[in-house]
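Reading through the structure tokens given below for one structure.
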Amino acid sequence: MRRLDPLPDDIRADGDEGDDGDDGVVRWTRGDVHPQNRLNTLSGNEWLYFTKTVLRTSYPAHAGQELRRRHGANKPPLLMRHLIEFFTRPRGSVLDPFCGVGGTLLGASLCDRVATGIEINPEWLEVYREVTRREGLPEQEVVLGDCRRVLAELAANGRVFDCIATDPPYSIALDKTMCDGRYQVQARHTDFDRFSDDDGDLRNLDSFDHYYQAMEEVARLLLPVVRPRGYCAVIMRDSYQQGRYVFASAEVARRFEAAGFVLKGIKVWYGTGSRVRPYGYPYGFVPNIVHQNILVLQAP
Ligand SMILES: C[S@@+](CC[C@H](N)C(=O)[O-])C[C@H]1O[C@@H](n2cnc3c(N)ncnc32)[C@H](O)[C@@H]1O
């Protein structure tokens with residue numbers, strides 16, 4: 001039998017479901033799914049754990065990692081499952097407009113959700129398909145193209161998703177992000193280092209301003225395809241350029257709010273395997289950015 005701890009008073013609820021006592025308070029415990037929980041099927045303990053603003057992980061190589069690592073910015077399916085399980089219920093739907101080699105799609109498959117991914121580079125979709133074949137996982141719906149065009153089509157077809165979980169292309173000039181090319185040690189040695197020559201690839205934009213504008217455009221296109229009060233989790237890495245910290249995640253959050261989303265909070269994700277390099281040593285402080293911000297936004 002599970003240990004049953006009461007949750008704080010502010011989560012108690014009058015209700016007509018569940019095990020009502022004479023006083024009209026729903027009897028439930030941290031170990032149970034709250035009878036009024038319509039968002040997900042997490043127990044109280046799991047729910048509270050998720051709301052911590054720091055997430056420290058050391059996920060094992062998993063779900064075709066040896067294939068997916070060709071994409072240097074791929075995300076762990078277990079991380080994406082963690083997000084999707086909070087923002088949807090089983091068989092719920094999730095959309096990733098920048099799906100790469102399918103971290104979100106695989107995460108959805110691992111928790112019995114349906115997913116749709118959009119990706120501009122056909123090579124990454126082929127890697128995703130190969131992973132599903134090898135791992136015996138279902139192939140989720142994928143659409144090749146610029147998400148700005150595809151999102152407008154999805155909206156025109158009346159498609160609506162329970163949540164969005166995505167990891168947009170990082171801000172421009174990833175190769176210069178940390179050290180302006182001054183150090184011999186390269187941050188990444190993967191196929192993702194090659195910039196695609198597609199005009200629609202947001203990594204090809206020539207300034208942060210253009211990048212932020214494009215992200216706001218994407219946010220505006222996402223609103224009609226997420227259900228009312230549906231959540232949108234956006235993983236954003238900050239940058240360091242020309243001696244300055246670039247708070248890219250804060251600016252992208254501001255742009256999503258300008259488009260109509262409400263910023264509900266962030267989770268700081270620290271994958272413990274991140275390497276550190278001697279930027280600035282021994283002269284001054286230059287951060288080793290080993291975390292990413294997961295912006296949690298909600299549709300009105
Ligand atoms: C950070 S990666 C996402 C990686 C993904 N989370 C994964 O696990 O593989 C961003 C992706 O967005 C894609 N992309 C860039 N511009 C795009 C656009 N306009 N429409 C759709 N995809 C785009 C890039 O090709 C890249 O694969």
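Brief remarks on what is shown
- Checking segment 61-78 against the condition returns a match, with at least one residue being without any contact (Cβ under 8 Å) to a residue 40 or more places away in the chain and near the ligand (Cβ under 10 Å from one of its atoms).
- Among the numbered conditions (1) within 17 Å of the chain's Cα centre (by Cα); (2) closer than 17 Å to Q298 by Cα; (3) away from the ligand (no atom under 12 Å from the Cβ), the only one that H82 does not meet is (2).
- Residue match in segment 167-186 (condition: surrounded by 21 or more Cβ atoms within 10 Å (Cβ to Cβ), of a type in the set (D, E) and either within 16 Å of the ligand (Cβ to nearest atom) or modelled with pLDDT of 90 or more (or both)): yes
- Test: residue in segment 143-155 that is more than 18 Å from the chain's Cα centre (by Cα), farther than 21 Å from A219 by Cβ and either surrounded by 19 or more Cβ atoms within 10 Å (Cβ to Cβ) or modelled with pLDDT of 95 or more (or both): yes
- Being touching a residue at least 24 places away in the same chain (Cβ under 8 Å), surrounded by 21 or more Cβ atoms within 10 Å (Cβ to Cβ), more than 9 Å from the ligand (Cβ to nearest atom) and not polar (S, T, N, Q) holds for only one residue in G92, G100, and it is G92.
- Residue list for segment 203-216, restricted to those being modelled with pLDDT of 90 or more, crowded, with 16+ Cβ neighbours inside 10 Å and either within 14 Å of the ligand (Cβ to nearest atom) or of a type in the set (G, A, S) (or both): Y211, A214, M215, E216
- Odd one out for H82 among (1) touching a strand residue (DSSP E or B) at 6+ places or on another chain (Cβ under 6 Å); (2) surrounded by 18 or more Cβ atoms within 10 Å (Cβ to Cβ): (1)
- Positions within segment 103-132 being hydrophobic (A, V, I, L, M, F, W, C), over 13 Å from H82 (Cα atoms) and either open to solvent by less than 20 Å² (accessible area, probe 1.4 Å) or modelled with pLDDT under 95 (or both), in sequence order: A115, I118, W124, L125, V127, V131
- Residue in segment 258-269 that is farthest from the chain's Cα centre (by Cα), counting only those that are loosely packed, with under 15 Cβ neighbours inside 10 Å and not hydrophobic (A, V, I, L, M, F, W, C): G260
- Being among the β-branched types (V, I, T) and over 25 Å from S196 (Cα atoms) is a property that does not hold for V101.
- Of all residues in segment 49-87, those satisfying the criterion of being in contact with a Ser or Thr (Cβ under 9 Å, 6 or more places away or on another chain) and β-branched (V, I, T) are T57, I84.
The values are calculated or read from the model by the stated rules, or taken from the named source; none is laboratory data. Keep in mind the model is a prediction, meaning the values are calculated, not measured. As a convention, Cβ positions derive from the backbone with ideal geometry for all residues, glycine included, and neighbour counts pool all protein chains shown. Surface accessibility is based on the protein's heavy atoms, side chains included, excluding ligands, DNA and RNA. Shrake-Rupley method; radii C 1.70, N 1.55, O 1.52, S 1.80 Å.
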